[in-house]
Amino acid sequence: MREALEEAKKAFNKGEIPVGAVVVINDKIIAKAHNQKETTFDPTAHAEILALRQASQTLGAWRLKDAVLYVTKEPCVMCAGAIVNARIKRVVFGCEDPKGGGVVSLYGILQDSRLNHQVEIKKGILERECRDILKEFFKELRKDQ
């Protein structure tokens, strides 16, 4: 999760919402990313999506069945759908997203038994640090307006 926080800091420094994601297989990092919606003008350029793409390219496969995704903030609905489609084994996230969470806050996509794959969830890892960087970002954003 500390590596994901480092990615979130990169996003913060670029004026992006500070979310970072890391994909790990067998205790080895195979992909790292941070939000890049603003810099790429791409509404799908969330940290999770970019990390999943990078991991798939690294492995030469879209099924990431042995992977653990670490992300600083609860994935949104779009990212949760991509996580299920990628067959991720487990998602570990820092803080919940009460306004847009697709994992536990608003929806439970990762563990919906109607879908063809369910994902293990672990939440609250480095929660304070993950929440604080988001709070600081939005505080700075409001100050500049």
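Based on what the data block shows, is residue 92 surrounded by fewer than 22 Cβ atoms within 10 Å (Cβ to Cβ), at negative phi and either in contact (Cβ under 8 Å) with a residue 60 or more places away in the chain or within 11 Å of the chain's Cα centre (by Cα) (or both)? Yes, satisfied. Considering (1) without any contact (Cβ under 8 Å) to a residue 24 or more places away in the chain; (2) touching a strand residue (DSSP E or B) at 6+ places or on another chain (Cβ under 9 Å), the lone condition that residue 135 does not fulfil carries the number (2).
In the set (1) without any contact (Cβ under 8 Å) to a residue 12 or more places away in the chain; (2) assigned to a helix (DSSP H, G or I); (3) of a type in the set (Gly, Ala, Ser), residue 82 fails one condition alone, (1). Residues of segment 106-119 that are in contact with a Leu (Cβ under 8 Å, 6 or more places away or on another chain) and surrounded by fewer than 16 Cβ atoms within 10 Å (Cβ to Cβ): 118 alone.
For residues in segment 39-79 being surrounded by fewer than 24 Cβ atoms within 10 Å (Cβ to Cβ) and small (Gly, Ala, Ser), which is nearest to residue 121 (Cα to Cα)? Ranking the candidates gives 56 first.
Scan segment 29-47 and give yes if some residue there is of a type outside the set (S, T, N, Q), within 13 Å of the chain's Cα centre (by Cα) and in a loop (DSSP other than H, G, I, E, B), otherwise no. Looking for residues that are of a type outside the set (S, T, N, Q), within 13 Å of the chain's Cα centre (by Cα) and in a loop (DSSP other than H, G, I, E, B), one finds at least one in segment 29-47, hence yes.
Here segment 120-129 is the region considered, the condition is being in contact (Cβ under 8 Å) with a residue 40 or more places away in the chain and touching a Leu at 6+ places or on another chain (Cβ under 7 Å), and the residue that is most open to solvent (accessible area, probe 1.4 Å) is 129. On inspection, residue 139 passes the criterion of being at pLDDT below 95, open to solvent by 80 Å² or more (accessible area, probe 1.4 Å) and not hydrophobic (A, V, I, L, M, F, W, C).
What about residue 100, is it more than 11 Å from the chain's Cα centre (by Cα), surrounded by fewer than 21 Cβ atoms within 10 Å (Cβ to Cβ), under 24 Å from residue 127 (Cβ atoms) and at pLDDT 95 or above? Yes.
Every residue, every condition in (1) in contact (Cβ under 8 Å) with a residue 24 or more places away in the chain; (2) open to solvent by 40 Å² or more (accessible area, probe 1.4 Å), yes or no:
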{"site": "2", "(1), (2)": "yes, yes"}
{"site": "5", "(1), (2)": "yes, no"}
{"site": "9", "(1), (2)": "yes, yes"}
{"site": "14", "(1), (2)": "yes, yes"}
{"site": "19", "(1), (2)": "yes, no"}
{"site": "23", "(1), (2)": "yes, no"}
{"site": "26", "(1), (2)": "yes, yes"}
{"site": "33", "(1), (2)": "yes, no"}
{"site": "37", "(1), (2)": "no, yes"}
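Residue-level check: of (1) open to solvent by less than 30 Å² (accessible area, probe 1.4 Å); (2) touching a Leu at 6+ places or on another chain (Cβ under 7 Å), residue 87 misses just (1).
The values are calculated or read from the model by the stated rules, or taken from the named source; none is laboratory data. Every value quoted in this text rests on a predicted model; they were computed, and no experiment measured them. Cβ coordinates were reconstructed from backbone atoms using ideal geometry, including for glycine residues, and neighbour counts include every protein chain displayed. Ligands, DNA and RNA are stripped out before the accessible areas are found, and what is left, the full protein with its side chains, is counted by its heavy atoms. Shrake-Rupley method; radii C 1.70, N 1.55, O 1.52, S 1.80 Å.
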